[in-house]
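The values are calculated or read from the model by the stated rules, or taken from the named source; none is laboratory data. On a predicted model such as this, the values are computed, not experimentally measured, just so you know. Every residue, glycine among them, receives a Cβ derived from its backbone with ideal geometry; neighbour counts consider all protein chains shown.
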Amino acid sequence: MDAHGVSEGQLSLSEAAARCITAFNRCLQQFTTDTRETSLLEDELARFSLWTFHINVFVEGRASLDHRLREAPDVLGVTLGLLEALEHQVQDCKYFLSFVYVSLFLHTDDFISSTSATLKHVVHVGT
């Protein structure tokens, strides 16, 4: 374990949060137009950034969230798991939104059938 209470090979909370921000930014880079989806993603990134700021995720030393949770491995583990889940959800969202964005340039019938197939796959994988 390091000084923050993080086991070797395990991400720190600051690393996991940074990965979430990277995922949000990559998702936002997929879109060049100002759409409702882009606005929603920007809002969620802003909320996440405020959360990281207010609980000192990226602060160094004793004030950092990693340091403060070093003696609470259960809370540390749950928080890390939630951050990893958020990263995966944003990555999945990026995949789905980029699929829809590209599909808009296809013929309408092709778009409807391919979107329907993708939604069925997403629902099937999620169950």
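Per-structure values
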{"quantity": "Residue match in segment 117-127 (condition: modelled with pLDDT under 55 and assigned to a loop (DSSP other than H, G, I, E, B))", "calculated": "yes"}
{"quantity": "Meets criteria (in a helix (DSSP H, G or I), surrounded by fewer than 13 Cβ atoms within 10 Å (Cβ to Cβ), of a type in the set (Asp, Glu) and out of contact with any strand residue (DSSP E or B) (no Cβ under 6 Å at 6 or more places or on another chain)) for residue 66", "calculated": "no"}
{"quantity": "Any hit, segment 90-111, residues being over 21 Å from residue 26 (Cβ atoms), at pLDDT 65 or above and not in a loop (DSSP other than H, G, I, E, B)", "calculated": "no"}
{"quantity": "Where residue 32 falls short, out of the listed (1) assigned to a helix (DSSP H, G or I); (2) over 12 Å from the mean Cα position of the chain (by Cα); (3) at pLDDT below 95", "calculated": "(1)"}
{"quantity": "Residues satisfying the stated conditions in segment 2-28, i.e. more than 17 Å from residue 79 (Cβ to Cβ) and at pLDDT below 85", "calculated": "3, 8, 9"}
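Yes/no per residue for (1) free of Cβ contacts under 8 Å to residues at least 24 places away in the same chain; (2) in contact with a Lys or Arg (Cβ under 7 Å, 6 or more places away or on another chain); (3) part of a helix (DSSP H, G or I):
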site	(1), (2), (3)
48	no, no, yes
51	yes, no, yes
71	no, no, no
82	yes, no, yes
86	no, no, yes
